[in-house]
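The values are calculated or read from the model by the stated rules, or taken from the named source; none is laboratory data. Given the structure is predicted, the values throughout are model-derived calculations rather than measurements. Please note: Cβ atoms are built from the backbone with ideal geometry, for glycine as well, and neighbour counts cover all protein chains shown. These area figures cover heavy atoms from the full protein model, side chains too; ligands, DNA and RNA do not enter into them. Shrake-Rupley method; radii C 1.70, N 1.55, O 1.52, S 1.80 Å.
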Amino acid sequence: MQPYEERLTAPRSWWFIAVLIGVAMALILLPLGTVPMLGGLLGGAALASIAVSSYGSVRIRVVGGDLVAGDAKIPVAALGPAEVLGAEEARAWRTHKADTRAFMLLRGYIPTAVRVEITDPADPTPYVYLSTRSPERLAAALAAVRA
C-alpha cells in the first residue's frame, strides 16, 4: 500500500499579507504612541498569522483503508476510481460542473485536484472533490488501498 499524506498549506504570499496586516494595525495605532503601535504590529500580525495557519492546516491522508480529508473520514471501499483533474478540468468541477451535494475540500490557490465518485447507495453525496498538489500520487494511493 502506498502511504499518502498532504497538508494544503497556504501560499507564501498569504504570510506576507499577514505581516502587512500587522503593519496596517501599527499605523492605525501610531497616533496613540509607540507602545500601542508595537502592540498593534505584533497583535495584528499574530492574529492574521493564526488565521492563515488554521486555513492552511487541513490535511488529506489515506490511512488504514480510509480517506481522511479535513474532518471527513470516508472508507475507500465506498469510493469508486479516482479521476485526476488538471487545472482547467479542476476549475470546471469547482464552478459550472459542481454538484451542491458533493463533498468539496477545495483551495483556490491549488490548481489541480482529484474527483472520486462515491459508490455507496445509502450516501447522497455523489462525489468527493479534493484540491491536491499531487493528484497522481493521491489517485495511486487510493487505487493501492482498493486493490
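What does the helix-only formula give at 222 nm for the chain: each DSSP H stretch with n ≥ 4 adding -39500 (n - 2.57), the total divided by the residues, and the result rounded to the nearest 500 deg cm²/dmol? Mean residue ellipticity, 222 nm, calculated: -13500 deg cm²/dmol. Per atom type, the chain shows carbon and sulfur on 65% of its accessible surface, probed at 1.4 Å. Between Tyr109 and Ala46, the distance separating the two model label sites (each 7 Å from Cα on the Cα→Cβ line) works out to 2.3 nm.
For region 49-62, backbone phi angles converted through the Karplus equation (6.51, -1.76, 1.60; θ = phi - 60°) give residue-by-residue couplings of 5, 4, 5, 5, 5, 5, 5, x, 9, 5, 10, 10, 9, 10 Hz, Gly and Pro being listed as x. Derived scalar couplings between HN and Hα for region 35-47 equal 5, x, 4, 5, x, x, 4, 5, x, x, 5, 5, 5 Hz in order, rounded to whole Hz, by the Karplus curve 6.51 cos²θ - 1.76 cosθ + 1.60 (θ = phi - 60°), x for Gly and Pro. Residues of region 113-127 falling in the label zone of Ala102, defined by backbone nitrogen less than 18 Å from a point 7 Å along Cα to beta-carbon, are 113-120, 123-127. Angle of helix 12-29 to the longest C-alpha principal axis of the chain, folded into 0 to 90 degrees and rounded to 10: 30°. Segment Leu27..Glu5, full-extension length gain: 3.8 nm, with 0.36 nm per residue of separation and the alpha-carbon distance subtracted. Distance distribution P(r), region 78-131, all Cα-Cα pairs, bin width 10 angstrom from 0: 27, 57, 16, 1 percent. Counting only Cα atoms, the size of region 1-99 along its three principal axes is 61, 32, 21 Å, in decreasing order. Across all directions, the average flat footprint of the convex hull enclosing the Cα atoms of region 51-147 is 6.2 nm². Taking all protein chains into account, the per residue accessible area for the chain stands at 55 Å² (1.4 Å probe).
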